[in-house]
Protein chains: 2
Amino acid sequence: MSLVVVGSVAYDAIETPHGKRDRALGGACTYIALSASYFTKTSIVAVVGDDFAEEDRALLANRSIGLEGLEQARGKTFFWSGVYSEDMNDRKTLRTDLNVFAEFQPKLPPLYVGQPYLFLGNIQPALQRGVREQMNQARFVGGDTMNYWISDYRDELLAAIRNWDFLLINDSEARMLAKENNLGRAAQKILDLGPNTVVIKRGEYGAMLFRRDTLFMVPGYLLEDVFDPTGAGDCFAGGFTGYLAGREFDLRNGHFDVHELHRAVIYGSVMGSFCCEQFGVERFRTLTRKDIDQRFDEFRRFTAF
Amino acid sequence: MSLVVVGSVAYDAIETPHGKRDRALGGACTYIALSASYFTKTSIVAVVGDDFAEEDRALLANRSIGLEGLEQARGKTFFWSGVYSEDMNDRKTLRTDLNVFAEFQPKLPPLYVGQPYLFLGNIQPALQRGVREQMNQARFVGGDTMNYWISDYRDELLAAIRNWDFLLINDSEARMLAKENNLGRAAQKILDLGPNTVVIKRGEYGAMLFRRDTLFMVPGYLLEDVFDPTGAGDCFAGGFTGYLAGREFDLRNGHFDVHELHRAVIYGSVMGSFCCEQFGVERFRTLTRKDIDQRFDEFRRFTAF
């Protein structure tokens, strides 16, 4: 076992121009773990309600995801519903019922505590910090956040990310966190806040990885059809972190290959692109590691000069 | 001599968050030719008024641009003024005075007629077509267009591009021309209209090159500061076409190296990025081929994995 993922497991109602689902397995932790599971042994820390379906638990278990940290609490599972605009570049949240997630206190099973890789999905920054402190031997720790924590829990968030190796964030949130409109300068400011690696996700336009001494950029994969972008950013996170965990990447030894970080960005992009091809987590029912490596090779073909 | 560029030479009044200029040399033909001149011998076909300044003519001549086809007509030079939004992603046209450009009839000097490379800047499609017919021995012909011709002169535009090898177009115009929102499908539809190569420019997000059998994508160069994006798309065109002309690229022989097209996209991106670093064409007063090749190498470093 190697990568621990903390975050939300949810049910989503999603409507896109291609159709709708009334109740589909979702949540950041779900997407991250499913995506990472193609690269490394992955375990989750999350909470669901007593309505959580056996088949959804089975989907995770079938990908060998460790569920010792999946707490089942009294009440309903986190529920989110949203509708996408015609061009898919906007989405409107119709409903957010936190349910059992409102009281989520991540509980690390003893066998998770010594694990080397940790990804802190988008939850309350103080909770992220608490988990990170419990896993103080981890040698590669990163996470995600969102506009709400940046604006309303800024101090807690800054205290949390101070001890992260990497931050994954989208472009508008990077600008908001750094209070700087230029993405390059925003990234440099974020590097002053703790992480030595910042990955900025730009949706269909790809991603960039910033470190003090290096920049890496990749365009987005051009999909025939985007069925449902829900979870694409989380799948990016799972591909990025999962790949590095699978390579036993150690950011702290000072002797790593920076190209591994670049390849991790490509695997992140690959996983984000697959996620969009079907509704919710459906693509993961059939996706194989071979599909993933083929798309990785496509990225190379499409970008080499 | 090898590349002929047809289009507008203008004076622009530009305001961006970084400052303003009341009367700066501009026009698509100007930017394209200045950019292409770093790669190949370039000559222009355009019209200016009797107010055209000697120093502006000298700027072009100093880059060895052939001016035999630069007609001087009675009246004023085309004038455009615009103001950019705070984030530079939008611009508002304040004024467009076509002046002598309203009656522009491209006249090819005899020594241009047999040249092998032709770029048709964004002008009335029937005029583009007329020039292309006069240069029927050219072995690599392409051009640009804009939303106005796509919506109001669609038939003329379709008749013009039918005999082009390549079309350079921005993403929203590609969608409009193809009547298709998905960029990949839009490009395939445009390939049905004549050109065997379509390059879609995406501003700060980079560019994509489509052919029936190949796709190439590059992210945008991350600039410290965008001073003025005016002309960046035209400089892309100049870098793309100029590089290929300089390599004596021959799309019709059936035995070309597709990687040359990819490298041309990179040189286009490089030239577009330099253009934004100063107001108007100012960057071209100091830019060297060495600067260009260094940035080309940076692109390789920033995108290799």
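Throughout, read-outs are computed from the coordinates displayed, never taken from laboratory work. These numbers were taken from a predicted model, which means no experiment stands behind them. So basically every Cβ, Gly included, is an ideal-geometry build from the backbone, and we count neighbours across all protein chains shown.
Using +1 on the beta carbon of Lys and Arg, -1 on that of Asp and Glu, and nothing else charged, what's the dipole of chain A about the Cα centre, debye to 20?
680
Ordering B:GLN137, B:TYR221, B:GLN278 by Cα displacement along the dipole of chain B toward the positive end leaves B:GLN137 in first place; charges were set at the Cβ atoms of Lys, Arg (+1) and Asp, Glu (-1). Relative to the Cα centre, the charge distribution of region B:29-148, modelled as +1 at Lys and Arg Cβ and -1 at Asp and Glu Cβ, gives a dipole magnitude of about 400 debye.
Under 18 Å of direct C-alpha separation, and excluding same-chain neighbours fewer than eight residues apart, A:LYS189 reaches these aspartates and glutamates: A:ASP144, A:ASP155, A:GLU156, A:ASP165, A:ASP171, A:GLU173, A:GLU180, A:ASP213, B:GLU224, B:ASP225. Within the protein assembly as shown, antiparallel bridges make up roughly 40 percent of the DSSP beta bridges whose residues both belong there. Remark: label point of B:ASP250 defined 7 Å out from Cα along the Cα-Cβ vector; separations to the same position in other copies 5.8 nm, ascending. For region B:160-301, the share of DSSP beta bridges that are antiparallel, to the nearest 5, is 65%.
Sorted from fewest to most neighbouring beta carbons within 10 Å, what does the list A:SER81, B:SER172 look like?
With the sparsest Cβ surroundings first, the list reads B:SER172, A:SER81.
Selection among A:HIS259, A:THR42, A:GLY206 by position relative to the dipole of chain A gives A:HIS259 as farthest towards the positive end (Cβ unit charges, Cα centre). For chain A, DSSP calls about 40 percent of its internal beta bridges antiparallel. Between copies, the label points of B:ASP90, set 7 Å from Cα on the Cα→Cβ line, lie 1.2 nm apart, reported in increasing order to one decimal in nanometres.
Protection proxy ranking, highest mean first, for peptides B:113-120, B:64-71: B:113-120, B:64-71, where packing is the per-residue count of other beta-carbon atoms within 10 Å, averaged.
Run the dipole for the protein assembly as shown about the Cα centre, Lys and Arg Cβ at +1, Asp and Glu Cβ at -1, nothing else charged, and hand back the magnitude in debye, nearest 20.
Using Cβ point charges on Lys, Arg, Asp and Glu, the protein assembly as shown gives about 840 debye.
By the Cβ rule of 4.7 Å, chain B holds the following cysteines without a possible disulfide partner: B:CYS29, B:CYS276.
Seen through its C-alpha gyration tensor, with square-root eigenvalues sorted a ≥ b ≥ c, chain A comes out rounded because a/c lies under 1.5.
Here's the list of lysines a cross-link from A:LYS290 could span, going by alpha-carbon distance under 20 Å and ignoring same-chain residues fewer than 8 apart: A:LYS41. Each eigenvalue of the Cα gyration tensor of region B:16-63, multiplied by 5 and square-rooted, gives one semi-axis; in descending order these are 20, 15, 10 Å.
Projecting the Cα atoms of A:GLY75, B:PRO109, B:TYR84 onto the charge dipole of the protein assembly as shown (Cβ charges, centred on the Cα centre) puts B:PRO109 farthest toward the positive pole.
Remark: mean inter-chain Cβ contacts per residue of A:210-217 equal 3, using a 10 Å Cβ-Cβ cutoff to other protein chain atoms. Going by a ≥ b ≥ c, the root eigenvalues of the Cα gyration tensor, does region A:40-102 fall in the rounded group (a/c under 1.5), the prolate group (a/b larger than b/c) or the oblate group? Oblate is the answer for region A:40-102, as a/c is 1.5 or above yet b/c matches or exceeds a/b. Working note: Cα gyration tensor of region B:237-294, eigenvalues times five, square-rooted, sorted largest first, giving semi-axes of 26, 10, 9 Å.
Over all residues in B:178-190, what is the mean tally of Cβ atoms on other chains that come within 10 Å of each residue's Cβ? Across the residues of B:178-190, the mean count of other-chain Cβ atoms within 10 Å is 2. Peptides B:48-57, A:17-26 ranked from most to least packed, by the mean per-residue count of other Cβ atoms within 10 Å: A:17-26, B:48-57. Given a cut-off of 22 Å, what percent of all Cα-Cα pairs of region A:185-305 lie beyond it? Of all Cα-Cα distances in region A:185-305, 34 percent exceed 22 Å.
Remark: label point of B:LEU223 defined 7 Å out from Cα along the Cα-Cβ vector; separations to the same position in other copies 3.1 nm, ascending.
Seen through its C-alpha gyration tensor, with square-root eigenvalues sorted a ≥ b ≥ c, region B:57-197 comes out oblate because a/c lies at 1.5 or above while a/b is not bigger than b/c.
How many Cβ atoms of partner chains, on average, are near each residue of A:262-268 if near means within 10 Å of its Cβ?
Counting other chains' Cβ atoms within 10 Å and averaging over A:262-268 gives 1.
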